[in-house]
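The values are calculated or read from the model by the stated rules, or taken from the named source; none is laboratory data. Computed from a predicted model, the values in this text were never measured in an experiment. Every residue, glycine among them, receives a Cβ derived from its backbone with ideal geometry; neighbour counts consider all protein chains shown. Accessible surface areas use protein heavy atoms only, side chains included; no ligands, DNA or RNA. Shrake-Rupley method; radii C 1.70, N 1.55, O 1.52, S 1.80 Å.
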Amino acid sequence: MSDNKVKVTIDGITVEVENGTTILNAARQIGGDIVPPAMCYYSKLKGSGGKCRTCIVKVSKGSEKDPRPMPKLVASCRTTVMDGMEVQNITSPEVLEARAGVVEILLINHPLDCPVCDQAGECDLQDLGYEHGLQKTRYEFERRTFERIDIGDKIQLHMNRCILCYRCVYTADQLTDGRVHGVLNRGDHSEISTYIEQAIDNDFSGNVIDVCPVGALTDRTFRFKNRVWFTKPVDAHRDCPTCSGKVTLWYKGPDVLRVTARKDQFGEVEEFICNTCRFETKNTSDWTIIEPTKISDTSVIAANHYETLRPLPVIKTNEQLREANKKELEKTIKY
Amino acid sequence: MSRKLLLEHINVPGIAGLDVYRQKGGYRAVEKALKTLTPDEVVEEVKKSGLRGRGGAGFPTGMKWSFLAKPEGVARYLVCNADESEPGTFKDRYLMTHIPHALIEGMIVSSYALGANASYIYVRGEMMPQIRILERAIAEAKAAGFLGNNILGTGYNLELYVQPGGGAYICGEETALLESLEGKRGNPRIKPPFPAIAGLYGCPTVVNNVESIAATVPIINDGGEEYAKIGIGRSTGTKLISASGNLVRPGVYEIELGLPVEEFIYSDEYCGGIANGKRLKATVAGGSSVPILPANLSLKLANGEPRLMSYESLAEGGFATGTMLGSGGFIAFDEDQCIVRNTWNFSRFYHHESCGQCSPCREGTGWLEKVLHRLEYGHGKMSDIDLLVDVAKKIEGNTICPLGDAAAWPVGSAIRHFRDEFEWHVKEPVKSQSVNYGLADYAKPIEKVAEVKTGE
Ligand SMILES: Cc1cc2nc3c(=O)[nH]c(=O)nc-3n(C[C@H](O)[C@H](O)[C@H](O)COP(=O)(O)O)c2cc1C
Ligand code: SF4
Ligand code: SF4
Ligand code: FES
């Protein structure tokens, strides 16, 4: 083992990572179910993380040198690994309970308006709620509400759904010139805003839509056009003078309904894209099509892509047919 | 009479001015430190004194100072935390109002020890008169050659600045304070890195409470060892206590640590007992963030021995039967006070003051407040009581800064010790709106507990 490598064990799986890596990023190197969910951390945004607390894990052994466990659960996105550290995520009932608590807390003031929210189907909070949330709420008070705000003619802010992850604030800070987007007020009356509702007007402002884990910042050029699971994502490229031009086009029939940056398996954009690509280049002829975007088969977006997901009833009842179509049938089981 | 180190001359007319302050021996510590001691020797004296941070956490000041990183060519800063906003705590304001030079003198000595050439006093924004007083005191000290370049001909340079606070309790949390001082939104930073490594403008920084800094003056004058003789065990020296609530004589007192709580409340030297001949029901010993205790556990430990005003004795029994010295904001409640109402009031404060960065504190504090409001106003349910405990548990230990804990502890402890009263609010929704629950059993001697958990 070289000097700047350390060993860390997460849920029983050992991995060797660079010194200074966070627990979350070490877990991402392992991949799979043991990766803690991250609602505020964004690897491309400096200073992000530590806020939402969904990524909490238990450190059951501090390090080889100091094996004492850490007294409290820690935010894995902001805690760096030590050599010999042992971490529990999904193997710890305590972590799962605490995470369910965080999800409950994130939802108490949430409008739960998924049926009319454009983000539904690709929303991290919806996924988390599904996985950890309770069926019922214990919160019996009026939920916090705000007026919708149009930030310029391309972006809409729906503060009711915001979880104050600060990602959009860091994006606006780090990607664009002139700081116009930030947090007003404090506590549970904090709100994301631009100074006196000033329009965000620069080449990269549209990226706040992609980093937003919920439906608080949405694309006005796509608003209410379609549910994401009825659209087909396709990776495409164009020579753009401003950005990398690497995008995902979301098709309905022959029409490009929206353009987004490409996202990796952890839901983070691979490369930020410019507003021209995002909002103003919506013809197939503008793009070189590369391939259908890879979507996890557990995602609702994948559902619409495979005819085979709706097998004929006869297949289900005929033993022979069932055996022959085993693999396809497995895909019809919803997780 | 116990010894007074900080408030000895508080009643001398004109002590707020430099001349009278000097006649009473003021600025001796500056002369002694700058002329006869090296910075490291000053740090050593403070270490020997056993002084612990007076801002709430009680971390040994000398040790904090010795952690300060000292990279070549990088400025170091001392920042005085005068943002005092904890409900029940008003000792720093008293000191700054009446004897501002004690703080200025402490700032010079401490800055010298840390090698800082620019130091800041971050004063709660609402304390405009105190800001003016400090500015005047700084001007006087500068005119007399205690500040500026080449102080007392020793070659040491120091500028002192007063910064009005941003108007939020959270700006008292040391990293939020640094953000605010830098001109940003006062959100606590995620640690590490700690201020000792990367604080103000990314430079090594020490943040200390007003009283901690003022206490370095007697420590340098008399020596750390002399200071350590006062007090009890690891709680050395004197402590300012701001006493409020239903007391005959509320106010700011300087006590020797180790004074029995009973003596503090009832003796004529201090608070003079409970006002209007009533009986004590409960105390909050160290500012609104620390656990509330019923009268019996306020005065006595679970094993029947007297409880003392010291870091250790107040914490004896852990969270089951103990509390904390905190920032020394001592609040007494008489038999006519409603614990449910008080708990709601505290929760309202934390809800209002949460910065809103981390989800458990941002959302949880509001939830606590709303449930407590409902209980207090007779619309509560039995299940609300356990709900409160559960929500408090979800906040506690799962936040960026200790404000989350501070919001959770008062609720958890109130229910732990006063559950009867919460239940009574549910059972008697109408009656509880016009009469109070009263003293009940809260002052009865407690049965000796066989196994007593000791504090840390
Ligand atoms: C929410 C919050 C508010 C605080 N407010 C104050 C304050 O007003 N004054 C203060 O001295 N310390 C306050 N503290 C404690 C400081 O963070 C810090 O520990 C202290 O200034 C260190 O000084 P000391 O070591 O001299 O006690 C606060 C802490 C928290 C979490
Ligand atoms: S608007 Fe979206 S990205 Fe911005 S803080 Fe809210 S949830 Fe996060
Ligand atoms: S615990 Fe509360 S006050 Fe502290 S950082 Fe989190 S939200 Fe802000
Ligand atoms: S992702 Fe770690 S706290 Fe939000």
Burial order of peptide ranges B:218-227, B:244-253 (average beta-carbon count within 10 Å, highest first): B:218-227, B:244-253
Compactness of segment A:5-102, expressed as Rg and Dmax over alpha-carbon positions, Å: 12.2, 34
Sites B:Arg234 and A:Gln135 - FRET efficiency at Förster radius 41 Å, r taken between beta-carbons, to 0.05: 0.20
Loop trypsin sites (Lys or Arg not before Pro), segment A:1-68, which have at most 16 other Cβ atoms in a 10 Å radius of their Cβ (DSSP): A:Lys46, A:Lys65
For chain B, fraction of C-alpha pairs farther apart than 44 Å, in %: 13 percent
Mean accessible surface per residue for segment B:237-334, computed with a 1.4 Å probe while every protein chain stays in place, in Å²: 26 Å²
Relative contact order, percent, chain A [alpha-carbon distance under 8 Å, six or more residues apart]: 12 percent
Signed unit charges on C-beta, dipole axis of the protein assembly as shown, positive-most listed residue B:Ala196, B:Thr154, B:Pro291: B:Pro291
Average beta carbon contacts from partner chains per residue of A:44-54, 10 Å cutoff: 3
Ellipticity estimate at 222 nm from DSSP helix runs (n ≥ 4, -39,500 (n - 2.57)) divided over chain A, nearest 500: -5500 deg cm²/dmol
Heavy atoms of B:His352 accessible to a 1.4 Å probe, total area in Å² rounded to 10: 90 Å²
Inter-chain Cβ neighbour average for residues A:98-106, partner chain, 10 Å: 5
Extension reserve of the A:Lys65-A:Glu319 stretch, reckoned as 0.36 nm per residue once the Cα distance is removed: 85.5 nm
Size of charge dipole - chain A - debye, nearest 20, with Cβ of Lys, Arg +1 and Asp, Glu -1, no other charges: 460 debye
Global geometry of segment B:18-229, whether rounded, prolate or oblate, following the gyration tensor of its Cα atoms and the 1.5 cut on a/c: rounded
Contact order relative to length of chain B, as percent, for alpha carbon pairs under 8 angstrom and 6 or more apart: 16 percent
Cα centroid separation, segment A:246-286 to segment B:122-198 (Å): 50 Å
Cα-based Kirkwood hydrodynamic radius, the protein assembly as shown, one decimal, Å: 29.3 Å
Ranked packing of B:145-152, A:317-324, B:82-89, most packed first, by mean Cβ within 10 Å: B:82-89, B:145-152, A:317-324
Segment B:263-402: relative contact order in percent, alpha carbon pairs under 8 Å with at least 6 residues between: 19 percent
Gain on full stretching of the segment that runs from A:Glu271 to A:Arg223 - 0.36 nm per residue minus C-alpha separation: 15.0 nm
P(r) of segment B:183-265 over all Cα-Cα pairs, binned every 5 Å from zero, in whole percent: 3, 11, 15, 16, 12, 13, 14, 11, 4, 1
Cα lying deepest toward the dipole's positive end in chain A, options A:Val35, A:Ser205, A:Ala172, charges on Cβ: A:Val35
Prolate/oblate/rounded call for chain A, Cα gyration tensor, a/c under 1.5 rounded: rounded
Nearest 10 degrees, 0 to 90: helix B:100-114 Cα axis against chain B principal axis: 70 degrees
Cα centre as origin, Lys/Arg/Asp/Glu Cβ charges: segment A:1-148 dipole, Debye: 460 debye
Solvent exposure ordering (accessible area, 1.4 Å, most first) of B:Phe194, A:Phe279, B:Phe90: B:Phe194, B:Phe90, A:Phe279
Exposure of A:Asp255 as accessible area (Å², to 10), given a probe of 1.4 Å and all protein chains: 90 Å²
Förster radius 41 Å - calculated FRET efficiency between B:Ala144 and A:Leu184, Cβ distance, rounded to 0.05: 0.35
Estimated 222 nm signal from helices in chain B, with DSSP H stretches of n ≥ 4 weighted -39500 (n - 2.57), rounded to 500: -12500 deg cm²/dmol
Virtual spin-label span in nm between A:Thr284 and B:Gln433, 7 Å along Cα→Cβ: 6.9 nm
Over segment A:215-256: Rg over Rh, Cα atoms, Kirkwood Rh: 1.01
Solvent exposure ordering (accessible area, 1.4 Å, most first) of A:Glu142, A:Glu291, B:Glu182: A:Glu142, A:Glu291, B:Glu182
Listed residues A:Asp219, A:Asp66 arranged by accessible area, highest first, probe 1.4 Å: A:Asp66, A:Asp219
Label zone at A:Val300 (point 7 Å along Cα-to-Cβ), backbone N below 18 Å, segment A:118-149: A:118-136
The protein assembly as shown - percent of accessible surface contributed by carbon and sulfur, probe 1.4 Å: 51 percent
Rounded to the nearest 10 Å², the accessible area of B:Arg348 at probe 1.4 Å: 110 Å²
Accessible area expressed per residue, segment A:5-102, with surrounding protein chains retained (probe 1.4 Å, Å²): 42 Å²
Residue-normalised accessible area of segment B:74-139, given per residue in Å² at a 1.4 Å probe: 27 Å²
Accessible surface buried once B binds A (1.4 Å probe; total of both sides; Å²): 2800 Å²
Amide proton proximity set for B:Asp336, modelled H, under 5 Å, gap of 5+: none
Dipole magnitude (debye, nearest 20) for segment B:237-334, charges at Cβ of Lys, Arg, Asp, Glu: 380 debye
Beta bridge orientation in the protein assembly as shown: antiparallel %, DSSP, nearest 5: 70 percent
Length added when fully stretched, B:Phe59-B:Asp386, from 0.36 nm per residue minus Cα-Cα: 114.4 nm
Amide N proximity, segment B:350-394 versus B:Glu423 label position 7 Å along Cα-to-Cβ, cut-off under 14 Å: B:382-386
